[in-house]
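Enquirer: Structure provided below as structure tokens; questions to follow.
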Amino acid sequence: MRFPIKIKDITSNKGGKKLLHRLNNNDPSLTKYRLINVQQTYPDSHDEWAFLGHMIGKNKQVDTIDLCMRHRKKTKTQCIPFYEGLQHNRSIKSFHLGCFDLRPWNSIINNLCSFIKNNQNLTDLSFARCHVGRGSARLLSSALRCRENKSLTRFEMSDGDMTNESFTDILEAVSLHTKLECLDLGEFYYSIVEMARILSKASLKGLQHLILYNSGIDDVSCTALSLAIANKPELKSLILTENSIGIQGIRSLVAALTNCSKLETLKLGSNNISDEAVETLLPALSGMKHLRVLDLSSNILTTLRGFEVISDCKDLDDLDLCGNNLNDEGIDILVCALKCLSLLKLNLSYNDGISSEGSKLVSTLLDNPFCKLEELRVDRDNFVEDEELATYANALINNDTLKVLGLGRSFEGWEAFSALLCNCSSVESTYLSNHMLSSLGFYRPPRQDFENQMRYLEMNQNTNKKQVAMRKIILVHDDIDMQPFFKYDLKMLPLMMKWLETAADIPMDFETHIDERKLSSIFQFVQNVSWLCTM
């Protein structure tokens, strides 16, 4: 294909024309390009692919390319020229390729490897859900080894398909990039022991994020992995969810984590972790002063024996215990420990062993004056009782931090939340209602009288809480009773006029009748002016 060429000659798609013009003009605002489903929109011909590749190849502003190549065989053939143009780009820093079969496409892999080898600005390289054959793996490995300054800081090879031999080639090449900070190898079934050997040998002292979810890690392979983790002192996040790590694996992991004092995120959800394992794990975590996120969801925890030491993790702000077998005894231990922390998120969903008494214990976290919780989830499969709903509503009366309260399903008891969100007994009570809570979880009670609660929750999504209070007052008080304000004499009248004028400027989805309200306020003051003058 010869260039230059008129854009209008190759595409009838308005969005495609606009994109090509921006690429051609090095539009400084165009720094990211995403192409998710090429069968639906743009491009759809060989020439369009070639032109798009050519434009990206010479562009100097785009720094992120995200391609999810779910196309048919015909479309794959058409897109080959795109990669021929892409290989000339030297500005892209992040390149993500998803849902692609790299095995039979030598032209694509050759051009892609040329792009990887020659673009020294590339720092983030990702292959997600890609099929990589032996030949393609060799080419990728060679490209990664040939890079002059080994500049990758993030590499992802997740949820794909390749042999252990191919994976070893690529991982050994990646391990030469000594600036690597994030390694994502999730949902890839390879030899964990071999991977651990490579990581142990590699000089990756700056590695901060290691992601190995759903990778078939058991107690034996966890021991090998722990040896690799032990010499990564800069590690900040370790994701090991959806594996099969039991008590023996936890013990080996604890020994490794003693060297990871900077750890901020530890995710061990969906393993075989018991109370005994947690009792072994937590003393090691208590020394991690920077730990912020702890995920122990979908394990087999019950009484949380030994969980008291979590109170030493002063920076912890996100704790996930969803999907365990927690009972009231465990909740008692948990609540006592958490009252010393400034937790922001707590997930206790789907622990059906928690009774109404356990719910009362959880609610005490909300009426604690030092509570900073912004999200609390206690959803479960069985219905939440009316008494529990009232307990949580009462605990939130003086709470000004919680935004999300996941309560699950219930047919009754929502009236308590109506009074909490908007107390209609007086203007002052409405003003002092809860204007922070904006969500009650995913389920909506099948009752028409929940419409008011939904409206108040939507109002609370506004970050300007003064406006929220104004909207509620205007909504539920048709005629504002001025009697309580007479004690301030006539000085209150201009303040009320200004308040109503401010309310008039706030967007509302209902009739406000501000002028009528002004007249009513004036009338009430005039009607009582003789009484005011005798005071």
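Enquirer: For the range 149-177 and the range 271-326, what is the separation of their C-alpha centers, rounded to whole Å?
Expert: When both Cα centres are located, 32 Å separates them.
Enquirer: Ok, one more. Compute the signed sum of charges (Lys and Arg +1, Asp and Glu -1) over the other residues within less than 11 Å, Cβ to Cβ, of Ile300.
Expert: Around Ile300, the charge tally is -2.
Enquirer: Still on this structure, I have one more. Rounded to the nearest 0.05, what FRET efficiency do Val404 and Lys32 have when you use their Cβ-Cβ distance and R0 = 30 Å?
Expert: 0.50
Enquirer: Continuing with the same structure: To the nearest 20 debye, what charge dipole does the chain have about its Cα centre, counting +1 at the Cβ of each Lys and Arg and -1 at the Cβ of each Asp and Glu?
Expert: Working: 60 positive and 67 negative charges, 725 e Å.
So the dipole magnitude of the chain works out to roughly 3480 debye.
Enquirer: For the chain, which whole percent of the accessible surface, found with a 1.4 angstrom probe, sits on carbon and sulfur atoms?
Expert: 50 percent
Enquirer: In addition: Kindly provide the pair-distance distribution of the range 238-311 built from C-alpha pairs, with 5 Å bins from 0 and whole-percent values in order of increasing distance.
Expert: Calculated P(r), rounded to whole percents: 3, 17, 30, 31, 17, 2.
Enquirer: Return the percentage of antiparallel bridges among DSSP beta bridges fully within the range 272-398, rounded to the nearest 5 %.
Expert: On the way: 0 of 9 bridges.
For the range 272-398, the DSSP antiparallel bridge percentage is about 0.
Enquirer: In nm, to one decimal, how far is the modelled label at Ser355 from the one at Ser203, with both set 7 Å along Cα→Cβ?
Expert: Using points 7 Å along Cα→Cβ, the separation is 6.2 nm.
Enquirer: Express in nm, to one decimal, how much length is gained between Met508 and Met436 on full extension, taking 0.36 nm for each residue of separation and deducting their alpha carbon distance.
Expert: Details: separation 72, 0.36 × 72 = 25.92 nm, distance 1.83 nm.
Taking Met508 through Met436 to full extension adds about 24.1 nm, to one decimal.
Enquirer: Here's something else I'd like to know. If you build the convex hull over the alpha carbons only and average its shadow over all orientations, what do you get for the range 245-358? Give it in nm² to one decimal. Kindly include the intermediate steps, with their values, before the conclusion.
Expert: Details: hull surface 23.8 nm².
Answer in nm², one decimal: 6.0.
Enquirer: At 0.36 nm per residue, minus the direct Cα-Cα distance, what do Glu329 and Asn121 gain on full extension? Give it in nm, one decimal, please. Don't skip to the end; give the middle numbers.
Expert: Working: separation 208, 0.36 × 208 = 74.88 nm, distance 5.48 nm.
69.4 nm is the gain from fully extending Glu329 to Asn121.
Enquirer: Using +1 at the C-beta of Lys and Arg and -1 at the C-beta of Asp and Glu, which of Ile331, Leu281, Leu321 has the Cα lying farthest in the positive direction of the dipole of the range 240-373?
Expert: Final value for the positive-end residue is Leu281.
Enquirer: Rank Cys146, Ala228, Ile247 by how far each Cα sits towards the positive end of the charge dipole of the chain (+1 on Lys, Arg Cβ; -1 on Asp, Glu Cβ) and give me just the farthest.
Expert: Most positive-ward Cα: Cys146.
Enquirer: Another question about this same structure. From the protein chains alone at 1.4 Å, what is the descending order of accessible area for Tyr350, Tyr392, Tyr431, largest first?
Expert: Tyr431, Tyr350, Tyr392
Enquirer: Return the subset of Lys205/Lys339; Lys58/Lys232; Lys289/Lys466; Lys93/Lys232; Lys18/Lys60 for which the Cα-Cα distance in this structure is over 27 Å, preserving the input order.
Expert: Lys205/Lys339; Lys58/Lys232; Lys289/Lys466
Enquirer: With Rg and Dmax of the Cα atoms in Å as the read-out, I listed (i) 22.0, 76; (ii) 31.3, 107; (iii) 30.2, 98; which label goes with the value calculated from this structure?
Expert: For Rg and Dmax of the Cα atoms in Å, the calculated option is (iii).
Enquirer: Additional query: What is the gain in length, in nm to one decimal, between Lys289 and Asn25 on full extension, counting 0.36 nm per residue of separation less the C-alpha to C-alpha distance?
Expert: This chain segment gains 90.1 nm when fully extended.
Enquirer: Next question. Can you tell me the FRET efficiency between Ala255 and Phe523 if r is taken as the Cβ-Cβ distance and R0 is 56 Å, rounded to the nearest 0.05?
Expert: Numbers: r = 79 Å, r/R0 = 1.40.
Using R0 = 56 Å, I get an efficiency of 0.10.
Enquirer: Mind checking the angle between helix 106-118 and the chain's longest principal axis? C-alpha axes, 0 to 90 degrees, to the nearest 10.
Expert: The answer is roughly 80 degrees.
Enquirer: Quick check for you: with a 1.4 Å probe and neighbouring chains kept, what is the accessible area per residue of the chain, in Å²?
Expert: Details: 24320 Å² over 535 residues.
Ligands and nucleic acids excluded, the result is 45 Å² per residue.
Enquirer: Now a separate question. If you count only protein heavy atoms and use a 1.4 Å probe, how large is the accessible surface of Asp161, to the nearest 10 Å²?
Expert: Its accessible surface works out to 70 Å², give or take rounding.
Enquirer: Ok, one more. Starting from the 7 Å offset along Cα-to-Cβ, what nm value, one decimal, do you get for the label separation of Ser425 and Asp386?
Expert: It works out to 2.0 nm between the two label points.
Enquirer: Taking K and R as +1 and D and E as -1, what net charge do the other residues with C-beta under 13 Å from the C-beta of Asn231 add up to? Present the calculation step by step, with values, prior to reporting the outcome.
Expert: Working: positive: Arg197, Lys201, Lys205, Lys232; negative: Glu234.
Surrounding charge for Asn231 is +3.
Enquirer: Please report the accessible area of Cys336 (heavy atoms, 1.4 Å probe, ligands and nucleic acids excluded) in Å², nearest 10.
Expert: So the heavy atoms of Cys336 present about 90 Å² to solvent.
Enquirer: Please turn the phi angles of the range 341-358 into ³J(HN,Hα) values with the Karplus equation 6.51 cos²θ - 1.76 cosθ + 1.60 (θ = phi - 60°), one per residue in order, whole Hz, x for glycine and proline.
Expert: 10, 9, 5, 9, 10, 9, 10, 10, 5, 6, 10, 6, x, 7, 8, 4, 5, x
Enquirer: Moving to a separate point now. Can you work out the FRET efficiency for the pair His477 and Leu227, with r the C-beta to C-beta distance and R0 = 60 Å, to the nearest 0.05?
Expert: 0.30
The values are calculated or read from the model by the stated rules, or taken from the named source; none is laboratory data. Quick caveat: nothing in here was measured; it's all calculated off a predicted structure. Quick reminder, even Gly has a Cβ in these numbers, built from the backbone with ideal geometry, and neighbours come from all protein chains shown. SASA here: full protein model, heavy atoms, side chains in, ligands and nucleic acids out. Shrake-Rupley method; radii C 1.70, N 1.55, O 1.52, S 1.80 Å.
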